[in-house]
Amino acid sequence: MAVKKNEKNDHRSGRTALALTVILGVMTLAGEAGAEVKPQFGLEGYGGANKLFILSPWIGARFSLGSEVSLIFRYHYHNFRYDYYGSDGLGGSVLKTMKADVSRVSGTVYFNRQRLSGYVNLSYLIGSDNYRGFLADSGLEYKFSDQISGLWSVYSIREKSVLWHPEETVRWINTYSLRLGMKFWPVKNLAFNPNLYLMKNSEGVEAVSYSVGLVYSPNWWLALHAYYFRYGETAFYIFRGNYFSAGLNFYF
């Protein structure tokens with residue numbers, strides 16, 4: 001049975017309210033226990049080929065575990081839409097629009113030393129049309145000098161892929177990715193960040209992508225970014241193409 005629109009909205013509102021309640025409750029308990037607690041929040045957008053657009057507001061809390069280590073809990077809400085060609089019911093195809101929402105709850109251990117910083121993150125995702133996902137990722141950044149640093153990260157996500165494969169058989173797909181990047185600071189507080197991504201999934205599809213972007217951070221707690229992405233893969237895929245993203249994030 002198809003889920004009615006108002007029922008989807010009720011489920012989405014319920015997930016959002018639950019996540020915010022948990023984060024606020026943890027912040028309150030930590031504050032009463034005397035731990036240093038700092039809020040975090042932001043808004044990010046991503047869009048490009050086939051009118052793909054993802055709007056992602058998020059909120060979180062950072063708990064200091066010492067001078068070099070923090071524990072971060074976050075809730076992300078992702079609103080998706082894109083165009084694709086699907087069945088018209090008569091043996092032909094017709095242009096359709098996919099709309100969905102996904103909630104993501106994550107826990108991250110982050111450390112920062114003089115030249116080396118890094119993180120380990122675990123996330124659980126739930127969304128429209130029984131979407132489910134489990135994500136694990138980690139990364140390192142090493143600062144060679146005040147003007148140059150190197151980036152390395154890996155992630156793996158296991159998801160029920162009705163979101164990305166509408167009108168196909170519902171199934172679990174695993175995707176793995178390796179990111180290699182650099183950061184250059186041509187001027188104070190402004191970083192230029194090129195990246196290379198190598199991806200592969202459990203259905204034998206491989207992809208090579210790259211991105212270039214700017215990150216402006218006039219204060220330690222504020223970051224604005226803008227990126228261009230080029231996505232390509234070995235199989236014909238509706239998402240091959242050019243993408244852009246922008247975000248405003250506060251990391252207290």
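Working only within segment 160-202, note down all residues that are over 24 Å from residue 244 (Cα atoms) and either assigned to a strand (DSSP E or B) or in contact with a Lys or Arg (Cβ under 8 Å, 6 or more places away or on another chain) (or both).
Of everything in segment 160-202, those that are over 24 Å from residue 244 (Cα atoms) and either assigned to a strand (DSSP E or B) or in contact with a Lys or Arg (Cβ under 8 Å, 6 or more places away or on another chain) (or both) turn out to be 160, 170, 171, 172, 173, 174.
Looking at segment 121-151 only, could you name the residues that are of a type in the set (A, V, I, L, M, F, W, C) and either under 23 Å from residue 202 (Cβ atoms) or modelled with pLDDT under 95 (or both)?
122, 125, 126, 134, 135, 136 - these are the residues of segment 121-151 that are of a type in the set (A, V, I, L, M, F, W, C) and either under 23 Å from residue 202 (Cβ atoms) or modelled with pLDDT under 95 (or both).
Within segment 64-108, which residues are hydrophobic (A, V, I, L, M, F, W, C) and either in contact (Cβ under 8 Å) with a residue 60 or more places away in the chain or within 23 Å of residue 132 (Cα to Cα) (or both)?
Scanning segment 64-108 gives 72, 73, 80, 98, 100, 102, 105.
Of the residues 159, 167, only one is in contact (Cβ under 8 Å) with a residue 24 or more places away in the chain, within 27 Å of residue 85 (Cα to Cα) and surrounded by fewer than 17 Cβ atoms within 10 Å (Cβ to Cβ); which?
Just one listed residue meets the conditions, 167.
Kindly indicate which of 224, 196 is over 20 Å from residue 45 (Cβ atoms) and at pLDDT 95 or above.
196
Pairs only if they're at least six apart or on different chains, beta carbon under 6 angstrom, first in segment 185-201 and over 15 Å from residue 143 (Cα atoms), second among the charged types (D, E, K, R) and surrounded by 13 or more Cβ atoms within 10 Å (Cβ to Cβ); list them, first residue then second.
195/179; 197/179
What tally of residues in segment 32-87 results from selecting those that are assigned to a strand (DSSP E or B), more than 19 Å from residue 102 (Cβ to Cβ) and of a type in the set (Ser, Thr, Tyr)?
4
Residues of segment 171-185 being closer than 23 Å to residue 105 by Cα and exposed (fewer than 15 other Cβ atoms within 10 Å of the Cβ), which ones?
Listed by number, the residues that qualify are 171, 172, 174, 176, 178.
Looking at segment 195-220, which of its residues are exposed (fewer than 13 other Cβ atoms within 10 Å of the Cβ) and of a type outside the set (Asp, Glu)? Even if it seems obvious, please write down each step before you answer.
Going through segment 195-220, the residues exposed (fewer than 13 other Cβ atoms within 10 Å of the Cβ) turn out to be 202-204, 206, 218-220.
Across segment 195-220, the qualifying residues are 202, 204, 218, 219, 220.
How many residues, within segment 84-120, are of a type in the set (S, T, N, Q), under 30 Å from residue 162 (Cα atoms) and loosely packed, with under 15 Cβ neighbours inside 10 Å?
Count: 3.
Test residue 129 against the criterion of being more than 27 Å from residue 192 (Cα to Cα) and of a type in the set (Asp, Glu), and give yes or no. I'd like the intermediate steps shown before the answer.
Values: more than 27 Å from residue 192 (Cα to Cα): yes; of a type in the set (Asp, Glu): yes.
Yes, satisfied.
Looking at (1) of a type in the set (Asp, Glu); (2) more than 24 Å from residue 100 (Cα to Cα); (3) under 18 Å from the mean Cα position of the chain (by Cα), which one does residue 159 not meet, given that it meets all the others?
The one condition residue 159 does not meet is (2).
The values are calculated or read from the model by the stated rules, or taken from the named source; none is laboratory data. Since the model is a prediction, treat every value here as computed from it, not as a measurement. As a convention, Cβ positions derive from the backbone with ideal geometry for all residues, glycine included, and neighbour counts pool all protein chains shown.
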